[in-house]
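The structure appears right after this line, and notes come after that.
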Amino acid sequence: MRGLLQGVLALTLGAAVAALPAVAGSETAPTIEATNLGGGGIYKEANEWSPPSATVGVSCVVTFVNNSSSVEHGVVWSSAIKPACEGVPENRGATSWRGTCTFSQPGTYTFYCYVHPSEMKGSITVNANGTTTTTMTSGTTTTTGSSTPQAPPPGSSPLQGNTREALTLLKSQRGTAVRGSVRISPAGAGGRLEVDLLAKRASLASLSGPFRSVGKLVRRSLSAGKLSFSVPLNAKGRRALGRHGHLALKAAVAVSSPAAARFSTSRSVVLRRR
């Protein structure tokens, strides 16, 4: 009987040990997105990693994304230790990509954007306690334990889901307004939406600045759920559309929550006359 009990105990312990990697692997892995928008004035563009930093467990897989089809981003690892990456453009820039990096050693991994090295910097800290921490642009922190899921704090993302799911904006549209929709999370309720339509100066026969604003929409006191928007062209934009028959635009979308967490991105849109 004693031998039987010892055998059962050994099998139980073996199964528990085998299950440990699976528990660690169930940790919620963060996604870091390269975002860009017209900011600091209508002639400038701001770029950032969102979120810029995260703390993960050993062997955690972090997803890196650039959803822009017009702005290149890439990753350069500046730390002595480096992860193993797949699908992430390293030491070069590229548009429209998604990839993953696996962090197998404890320590701090620092990185920056190949195209925007001075303004897009980030870090991944790898520890052995199985905890994932994601720091938003505003400094708000979300912590998720490997075995106990926690609800998002008030300062979490103002969007429902990831960028691709939350923002709908067709690349080709007809008329004199850009239409789209965005899904606002409960954390974003009461926040602010801003959509800027930017056109290259060559399209407008303008001599000042690389981009000019041809339309802008601001909405405050947002409600949670799906929010549809329509941003009409201003007089300068309508004249350019009438002259060329089409107008290539960059739609810069920014959503901020009352807690100051901020989401920003830009999409390419072509407006055509009806």
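Consider region 258-274 and keep the residues that are open to solvent by less than 10 Å² (accessible area, probe 1.4 Å) and modelled with pLDDT of 85 or more. The one that is farthest from ARG174 (Cα to Cα) is VAL269. The set of residues in region 91-126 that are without any contact (Cβ under 8 Å) to a residue 40 or more places away in the chain and touching a Lys or Arg at 6+ places or on another chain (Cβ under 9 Å) comprises TYR109, THR110, PHE111, TYR112. Applying the criterion of being of a type in the set (Lys, Arg) and within 23 Å of the chain's Cα centre (by Cα) to the residues of region 226-257, the residue that is most open to solvent (accessible area, probe 1.4 Å) is LYS226.
The values are calculated or read from the model by the stated rules, or taken from the named source; none is laboratory data. Keep in mind it's a predicted model, so treat the numbers as computed, not measured. Glycine also receives a Cβ, built like all others from the backbone with ideal geometry; neighbour counts cover every protein chain displayed. We work out accessible area using only protein heavy atoms, side chains counted, and drop any ligands, DNA or RNA first. Shrake-Rupley method; radii C 1.70, N 1.55, O 1.52, S 1.80 Å.
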